[in-house]
1. Could you please give the count of residues in the stretch 10-54 that are loosely packed, with under 15 Cβ neighbours inside 10 Å and either over 17 Å from Gln124 (Cβ atoms) or out of contact with any strand residue (DSSP E or B) (no Cβ under 8 Å at 6 or more places or on another chain) (or both)?
2. Within the stretch 71-103, can you find the residues that are assigned to a helix (DSSP H, G or I), modelled with pLDDT of 90 or more and crowded, with 16+ Cβ neighbours inside 10 Å?
3. Taking the stretch 2-39 as the region of interest, how many residues are in contact (Cβ under 8 Å) with a residue 24 or more places away in the chain and either assigned to a helix (DSSP H, G or I) or at positive phi (or both)?
4. Considering each residue of the stretch 29-65, count those that are closer than 18 Å to Ser9 by Cβ and of a type in the set (Lys, Arg), and give that number.
Amino acid sequence: MEILLVEDSLTHARLTIGMLKKGRIRHRVTLVRDGEEAMRFVLREEQFSRAPRPDLILLDLELPKLDGRQVLDRLKTDYDLQNIPVVILTSSQAHEDQVRSEMLQVEAYLTKPIDVDHFIAIIQQLKRFWHEDLILPAAEGH
């Protein structure tokens with residue numbers, strides 16, 4: 001699973017990566033620290049021209065340069081990016097952020113500090129979703 005973690009706090013990034021390891025989910029995480037960098041990554045621009053397409057984006061809302069709300073709006077209005085699942089990981093408990101995220105069909109909205117077991121359950125549920133969509137080629141001669 002290719003995961004793009006968009007988080008400006010190294011402390012929160014370490015905690016999130018630790019939770020993924022605890023959940024024993026096979027993954028590769030790329031950390032970007034602001035909204036502009038996140039958009040360059042998903043659009044495969046500049047230094048990210050060979051970046052893999054993320055299977056999941058873990059997105060903080062409070063980011064420098066381009067905040068997470070703007071990133072989420074751009075992701076969900078871009079035809080090529082709108083189907084990438086997004087999980088919001090934020091300290092914002094603002095009702096309008098939660099409502100807006102739900103309207104943009106995020107997979108989950110989790111407020112910091114994040115409950116580890118709940119986070120792992122969400123990621124494992126998403127992992128099963130990707131496996132259900134996976135179509136394997138038929139073996140030769142069958």
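1. Number of matching residues: 16.
2. Val71, Leu72, Arg74, Leu75, Lys76
3. Going through the stretch 2-39 one residue at a time, the tally reaches 11.
4. Qualifying residue count, the stretch 29-65: 2.
The values are calculated or read from the model by the stated rules, or taken from the named source; none is laboratory data. Computed from a predicted structure; not experimentally measured. Note that we place each Cβ from the backbone using ideal geometry, even for glycine, and neighbour counts take in every protein chain shown.
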